[in-house]
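The structure appears right after this line, and notes come after that.
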Amino acid sequence: MQSSMEDDLQPLYFYGHPLVLNHHPNNISEKTHCSACGDPLFSTQTSTPPPLPTLPPPPPPVTTLHPPPVRINTFPPPSVRITTFHPPPPPLPTLHPPPPPLPMLPLPPNPPPPSDETYYYFFPTSREERDDEFDPTPLPPPIPSFDPPPRRRHFGRNTFSCEECDQFHLHESCAMAPVEFSHHPLHWEHPFLLLREDPGSSCDLCLESGKHFIYRCPSCDFSLDFKCALLSHGQKFLEFKYNLHRHPLLFIEDHRDVLKKFVCSACEEPLVDSVYVCIDCRFYVHEKCAELPNVINHPCHRLHPLVLSGNSTRFCKLCQAEHRGHFYRCSPCDLDIHVGCAWPHPVIEDKSRHEHPFNLFWRQGSFICDACGTEGNNLCYICSVCYLQVHKKCTSVPPVIKISRHNHCVFHKYLKQETMVGKEECRICHHEVKMEYGCYCCLREDCNYFAHVNCATEDTDLYYIVDSENLDKLDEEPIESAITCVIEWNENGDATKIIHFSHEHCLVLEDIIEEDDKHCDGCTLSILGSFYSCLGCNFLLHKSCAELPMKKHHWFDIHLLNLESNCIFTCDICLQQCCGFVYNCDECELSFCLKCATIPDTLDHPSHEHPLFWDSKYKGRCNICGLWVYNAYRCKSCKYAVHFECITLPDIVRHKCDKHFLKLCYRDKSNDPEQHFCDVCEEMRDPNDWFYHCFTCDTSVHRRCALGKYPFVKAGITYMHEGHSHPLRFVRKKYYYSRCVICGEFCYDLALECDICDYIVHWNCMSPFSSPLDTLQWEHYHRA
């Protein structure tokens with residue numbers, strides 16, 4: 001039998017690759033993937049394929065109609081043609097006597113072979129069409145169904161490889177795939193889908209791209225990847241008229257996980273098993289959801305029947321959340337129930353979340369959830385052992401999580417009993433935590449951290465679930481300091497001579513500079529306190545910047561941030577262009593300047609008498625700049641709000657208008673209108689706006705005038721640009737000087753200058769982070 005199989009497979013070709021049966025599959029790596037569909041070549045744990053199954057004896061011949069011939073894709077050279085005719089399978093038993101058999105129609109003696117460029121894939125047609133004279137031209141299939149052709153029975157789980165190269169391997173089913181489909185069920189409009197090698201195209205069914213082989217329609221831009229197109233080899237595509245969708249749907253009995261990344265358009269659950277598909281609208285619906293009754297009587301609303309309505313975004317009464325999908329609606333009462341809530345599971349059991357099962361219980365009214373402490377309606381689950389009633393979503397509350405806002409793991413407690421009588425606040429929303437209901441808390445004795453369940457788990461990107469069995473393994477390793485070596489110490493225990501990761505020379509600790517305008521190479525702010533300097537070059541670091549850790553947690557990101565130096569970047573929080581040190585998240589591809597990376601989520605700010613906390617849900621205007629923002633530091637006692645760019649303004653700056661430092665002031669206490677002028681632009685100032693002021697010279701300056709457009713890019717550092725062969729140096733021109741080589745205007749403020757040749761350019765003209773819209777946004781944001 002083996003030799004017969006080999007003889008039959010010798011002429012197999014696939015897209016120009018001559019294929020041979022793998023005689024020694026052990027020589028192929030377990031990680032090898034099929035070159036056509038991309039799946040692993042071997043489905044078992046070892047590289048040896050399973051043995052061929054014992055073939056049953058062929059069925060006795062029956063008197064019935066033969067299906068049309070099936071052209072199997074072997075990609076042979078023009079001199080080799082393989083056309084196989086398959087006997088039909090034996091008839092299925094029926095309860096009633098079958099009708100008398102029809103006479104067998106003989107096939108034509110010599111059907112005309114297709115041309116070298118054309119490969120036909122014939123679909124079964126109706127009995128009347130088969131009674132006609134044989135016609136090799138493929139007829140368009142009937143819309144109601146698609147029956148795949150029978151496959152060669154003596155091929156089981158074989159694999160094939162290219163005879164000429166070692167990089168091309170195929171499953172048996174992929175090797176026998178047709179070159180083209182005639183009127184594929186997923187694309188009725190045009191007659192053919194042709195196999196092409198195009199790894200860059202995306203599939204119109206699963207939307208994935210990067211597959212090696214695709215089927216593409218030559219008449220339009222429709223493509224199916226190899227796996228999606230071959231669903232037809234084991235499926236029946238039946239057309240289904242769905243009342244809640246304008247197009248007919250195609251039924252796929254088993255999509256083989258091709259559509260597992262999508263969710264049902266009705267219930268928002270992942271697609272599994274059998275589904276209905278409208279490929280034109282990207283509409284996917286479970287078989288069970290497509291067969292839901294149009295009208296139901298529901299126990300949570302007994303006054304009126306509920307009618308099924310189509311896709312929309314509405315507020316579900318039961319789960320108290322917005323959903324996108326199908327709803328059961330009561331129009332007189334203006335009530336909506338999402339289909340996922342209308343048919344809940346009667347029992348939910350997950351011992352990793354709760355040791356006992358939760359049972360469905362319909363209530364005639366509202367209740368307070370024992371897991372999260374918020375109100376629920378009608379639908380609840382009860383634990384009869386622990387005497388708990390919870391929301392459906394709260395049956396799976398994780399017992400232990402790690403959130404970005406706290407350094408330790410927090411534990412979920414249904415009841416937090418305290419010996420001390422008092423109120424506890426949620427450290428995220430700063431509202432009271434009711435101890436008689438569930439919350440998250442830190443169990444360390446020296447930590448009094450509490451958070452509402454919904455606050456801690458609201459953003460899935462800012463927490464992760466911790467396995468309670470591996471809590472002992474979560475002890476973090478000590479974080480390395482940016483100071484790699486301490487050479488000398490003083491009597492107070494301060495490091496006076498160090499080696500820092502960001503600089504090749506030794507740095508020496510020095511005293512405060514008050515007269516010179518020096519800027520830190522880490523944060524780019526003015527130096528006023530103790531700092532480290534390099535004796536060989538003009539490299540300066542604040543003492544606090546030099547002592548930063550190499551890795552850091554930040555409440556804005558769940559991952560560990562890495563410290564890097566000598567960078568020019570845009571901060572993803574304050575949106576300012578910065579240079580110097582940056583904390584990067586490699587997984588999220590986010591960058592944080594030192595100002596934003598070191599600011600806490602709750603702080604006392606001198607501009608306001610109450611504490612401010614970060615509110616990610618805030619929508620309104622910043623009280624300082626008047627810009628409309630979608631998150632800000634907010635006071636819970638009043639309507640005071642400040643967004644990130646204002647809260648991180650430097651306290652002290654230098655400007656050419658004054659020889660002293662200018663200090664940030666939050667309100668002008670002078671009642672004299674003549675004093676409410678900016679000494680730089682000579683325009684009026686709003687006394688209630690923040691401004692910079694010199695108390696020695698009585699100089700007052702707008703924030704925008706004191707800072708400029710790029711306040712956090714340090715002058716003097718070098719920058720390499722592809723458009724110029726020499727290194728460029730950042731300069732701040734106090735007066736109009738030369739013309740920009742790009743825009744032709746006089747250079748003013750921040751520019752790049754070449755010390756070798758006569759080359760100068762605005763940083764705004766060639767910055768990789770700038771766009772023409774940035775200038776308009778900056779002018780709007782910084783107007784006084």
Which value in nm describes the separation of the simple spin-label points at I487 and E445, placed 7 Å from the Cα toward the beta carbon?
-> 4.5
Could you tell me which of rounded, prolate or oblate describes the stretch 295-342, using a ≥ b ≥ c as the square roots of the eigenvalues of the alpha-carbon gyration tensor, with rounded for a/c under 1.5 and, failing that, prolate when a/b is larger than b/c and oblate otherwise?
-> prolate
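Per residue, what volume in Å³ does the Cα convex hull of the stretch 483-546 take up?
Working: hull volume 5.3 nm³, N = 64.
Enclosed volume per residue, from the Cα hull, is 82 Å³.
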Cα-projected label distance for S202 with N566, points at 7 Å along beta-carbon direction, nm | 3.9
Please list, in chain and number order, the residues 5+ apart from Y13 or on another chain whose amide H is under 5 Å from its amide H, with Hs placed from the backbone.
-> L19, F75
Could you tell me whether the stretch 551-598 comes out rounded, prolate or oblate from its Cα gyration tensor? Rule is a ≥ b ≥ c as square roots of the eigenvalues, rounded for a/c under 1.5, then prolate if a/b exceeds b/c, otherwise oblate.
-> prolate
Can you spot the lysines whose alpha carbon is less than 20 Å from K619's alpha carbon? Ignore those fewer than 8 places along the same chain.
-> K636, K639
Convex hull projection area averaged over all views, the stretch 594-713, Cα basis, nm² = 8.2
Let me know the shape class of the stretch 284-432, please: from the alpha-carbon gyration tensor, a ≥ b ≥ c as square roots of the eigenvalues, rounded when a/c is under 1.5, otherwise prolate if a/b is greater than b/c, or oblate.
-> prolate
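Quick one, can you get me the convex hull of the C-alpha atoms of the stretch 649-707 expressed as volume per residue in Å³? Mind showing how you got there, number by number?
Values: hull volume 4.4 nm³, N = 59.
With only Cα atoms used, the stretch 649-707 gives 74 Å³ per residue.
Which links in K317/K393; K617/K714; K392/K552; K543/K617 stretch past 25 Å when you go from one Cα to the other? Please report the intermediate quantities before stating the final value.
On the way: K317/K393 14 Å; K617/K714 34 Å; K392/K552 37 Å; K543/K617 36 Å.
Going by Cα-Cα distance, K617/K714; K392/K552; K543/K617 fall outside the 25 Å limit.
All of the numbers you see were taken from the coordinates with simple rules; none came from a lab. It should be emphasised that the depicted structure is a prediction, and the values quoted were computed from it without experimental measurement. Cβ sites come from the backbone with ideal geometry, for glycine too, and all protein chains shown count toward neighbours.
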